[in-house]
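Working notes, structure below.
The values are calculated or read from the model by the stated rules, or taken from the named source; none is laboratory data. As the structure is a computational prediction, the values presented were derived from the model and not from experiment. Every residue, glycine among them, receives a Cβ derived from its backbone with ideal geometry; neighbour counts consider all protein chains shown. Accessible surface areas use protein heavy atoms only, side chains included; no ligands, DNA or RNA. Shrake-Rupley method; radii C 1.70, N 1.55, O 1.52, S 1.80 Å.
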Amino acid sequence: MQIYKNKKGTGPLIIFSYIVLVNIVTFVLMKLIDTYTIISLIKIFLSIFNIYELYYFILTLTVTYIIDEDSIHIKGIWGLKDLSISFETLQGYKTSKGLIKGVKLSGVGKNSFALGRVVIDKIGTTRMFVTNSQEVIYLRTEEINYAISPEDIEKLKKTLEEKNIEYLDWEHKPNKDINLHKQKRFMIPFILVSAIIVASIIMPLILYLKQMFPAEMPISFNSKFQAVKMGTGKQFAFKQMTYGALNMGILFCMYYAAHFHVKYDKKTAYRYIYFSLITSLAFFLMQIKTLIDYL
């Protein structure tokens, strides 16, 4: 078994600086905003952002490449990340030097380092585990490519050739035949989001038509969920329906973003619909909380 450390780069410093900057700016912004809905959404997405960035920050520091008799293993975060690539699935490898040229689908970095999924020019969609782009090895398989940046890159290339994995120059063409409507991982959250949006629009409308609202209903809240503006039941119902329409617009945008990206990578395409799910669910739960407290 051969263990190759990653070639150190500026990735950890850049990611850490980005985390600090975004958190400082966000906390300052939250001090200037006194609207419960906006504050709640900011907190949700800031938490997701911090977990996401910290994951890749630790990965840049801990990623290693291990070669045994049958596979290449990419490990990081003290074993939490453990990816195995069998030599039987490898069709070849190629190398590149300098800045990484591509379009980032997910992850962090792009030019001097990259971890995540990137559509690399002429190579195709690649799972990147590159901590330093000074010299990168791209590994080709039928489904997706992988990229690594070990310290002793010449030794690793020699090992690949000993395993009959030869240098290969290829040019990738995007897959245009993937139909998201046949993918359960896409359609289940899509149906769930649609149901949540419909419920968030229909429920306040029905309550208003049945005259179940009190004389006054809250129209807006401060950051402590205290009503700062009251209105009629009609105004409350209209505002909630407006939020539903907003989420419908977000779903529309995420739907077409997913269809655009699926030809490059299915997993990235799924994330767009989950973004819509989180947003619509947050609005719906705030609506439920308001109805429980004021009906």
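Starting from 0.36 nm per residue, how many nanometres of slack lie between residue 170 and residue 134 once their C-alpha separation is accounted for?
Length difference between fully extended and current span is 10.9 nm.
What is the spin-label model distance, in nm, from residue 155 to residue 253 if the labels are put 7 Å beyond Cα along the C-beta direction?
About 4.9 nm separates the two model spin labels.
In whole angstrom, how long is each semi-axis of the equivalent ellipsoid of the stretch 194-295, when you take the square root of 5 times every eigenvalue of its Cα gyration tensor and sort them from largest down?
In descending order the semi-axes read 32, 14, 10 Å.
Please find the FRET efficiency linking residue 77 to residue 28, where r is the Cβ-Cβ separation and R0 is fixed at 35 Å, and quote it to the nearest 0.05.
0.70
Restrict the search to the stretch 4-46; then list the trypsin sites (Lys or Arg not before Pro) that DSSP places in a loop and that have at most 15 other Cβ atoms within 10 Å of their Cβ.
8
Loop by DSSP (not H, G, I, E, B), at most 12 other beta-carbon atoms within 10 Å: where is the longest site-free stretch of the chain for GluC sites (Glu not before Pro)?
172-295
Which residue fluctuates most in the GNM of the chain (Cα springs below 10 Å): 119, 103, 28?
For the chain, modelled as a Gaussian network with Cα springs under 10 Å, the answer is 28.
Do any trypsin sites (Lys or Arg not before Pro) in the stretch 213-295 lie in a loop, going by DSSP, with at most 15 other beta-carbon atoms within 10 Å of their beta carbon, and if so which?
Taking the stretch 213-295 and a limit of 15 other Cβ atoms within 10 Å, the loop trypsin sites (Lys or Arg not before Pro) found are 224.
Taking only the alpha-carbon atoms of the chain, what semi-axes of the equivalent ellipsoid follow from 5 times the gyration tensor eigenvalues under a square root, in whole Å, largest first?
Rounded to whole Å, the semi-axes are 48, 22, 14.
As I understand it, the value is the acute angle between the Cα axis of helix 233-261 and the longest principal axis of the Cα atoms of the chain; what does it come to in degrees, rounded to 10?
That works out to roughly 20 degrees.
Give, rounded to the nearest 20 debye, the magnitude of the charge dipole that the stretch 148-295 has about its Cα centre when Lys and Arg contribute +1 at Cβ and Asp and Glu contribute -1 at Cβ.
It comes to approximately 720 debye.
Extension gain residue 230-residue 194, at 0.36 nm per residue separation less the Cα-Cα distance, in nm?
Roughly 10.0 nm would be gained on extension.
Mind checking the per residue accessible area of the chain for me, 1.4 Å probe, whole number of Å²?
Each residue of the chain exposes 56 Å² on average to a 1.4 Å probe.
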